[in-house]
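The values are calculated or read from the model by the stated rules, or taken from the named source; none is laboratory data. In this text the structure is predicted, and so the values were computed from the model without any measurement. Positions of Cβ are generated from backbone atoms using ideal geometry, with glycine treated the same way; all protein chains shown enter the neighbour counts.
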Amino acid sequence: MKFTQSISLKTGLLALTFAAIASTGGLLASCANTTQSQVPNTSATDAGSTTSQKQQSPNTMTDTGGMQGMDHSSMNHNMAMDLGSADANYDLRFIDAMRLHHRGAIAMAQEAQQKSQRPEIRKLAENIIQAQSREENELLRRWRQDWYPNAPQEFVAYGNESKPLVPMSEQQQQSMTMLEDLGPADAEFDLRFMNAMIAHHEGALMMAQDALAKSQRPEIKKLAQEIIDSQQAEIAQMKQWQQAWYKQ
């Protein structure tokens, strides 16, 4: 009788032990699945992402209510597009991406002309509007018509190796323009504008450098180098103003 009770007791303890292990394993699996579901999928091909962009809220302000300007740490992932390989449609994808990107810069510059109280910012905004309007309308748009007369009318992007040319989604188009809500015409407007435009220019620099390496057309290479030279200079100027006006 004692022997039977001992076996029953051991059997019960083993059952409890296995149940505890199974419960722990299920808990760990649940935690792992939860953690994995919180990690963005960076493997999916997204023509609006460069190096697989992370999705983020369009305007992330600091705890000081925007007094230090906008936080562009996540926006930097959204400012350039994966233009794909140096194939026959590379320049078409570059043209469409840069046209949209220019439109975003022009829109922010127009807002700065209306809201900024500093003549330096208004002059910079005027230069951006003139230069990028000319590049979009007189160069990029014309090249698209001349070089790709049979291309779709809608904007296109890189899909993957098997689909190197796909329609650009609305989300990708919004991502490429990189439009920012610059807020009211207050004392911090110029800081917010410069933060947004610096990040925007950096996106253009990434695409221009990509075009220098991959495009076979001298016209595209020349434009890419002009974008790099002019926008690097504007970034340097805005950073000087940030330091002088806002001690940043």
Those residues that are in a loop (DSSP other than H, G, I, E, B) and touching a residue at least 12 places away in the same chain (Cβ under 8 Å), I need them from the range 118-151; list them, please.
ARG118, TYR148, ALA151
Does the range 101-116 contain any residue that is farther than 18 Å from GLN237 by Cβ, out of contact with any His (no Cβ under 7 Å at 6 or more places or on another chain), surrounded by 23 or more Cβ atoms within 10 Å (Cβ to Cβ) and assigned by TED's automatic domain parsing to the domain that holds ALA151?
yes
Among the residues of the range 152-202, write down those that are assigned to a loop (DSSP other than H, G, I, E, B) and of a type in the set (Phe, Trp, Tyr).
PHE155, TYR158
Identify, by number, the condition in (1) closer than 25 Å to LYS247 by Cα; (2) in contact (Cβ under 8 Å) with a residue 24 or more places away in the chain that PRO164 doesn't meet.
(1)
Quickly run through the range 69-93 and pick out the residues that are buried (at least 20 other Cβ atoms within 10 Å of the Cβ), modelled with pLDDT of 65 or more and within 13 Å of ASP210 (Cβ to Cβ).
MET81, ASP82, LEU83, GLY84, TYR90, ASP91, ARG93
Does any residue of the range 148-158 turn out to be of a type in the set (D, E, K, R) and either farther than 30 Å from ALA244 by Cβ or crowded, with 21+ Cβ neighbours inside 10 Å (or both)?
yes
Give me the pairs: first residue in the range 189-205 and over 10 Å from ILE235 (Cα atoms) and assigned by TED's automatic domain parsing to the domain that holds ALA109, second residue of a type in the set (Ser, Thr, Tyr) and not in a helix (DSSP H, G or I), beta-carbon distance under 6 Å, and six or more apart or on different chains, which are they?
ASP190/SER116
Of the conditions (1) within 20 Å of the chain's Cα centre (by Cα); (2) free of Cβ contacts under 8 Å to residues at least 12 places away in the same chain, LYS221 satisfies every one except a single condition; which number is it?
(1)
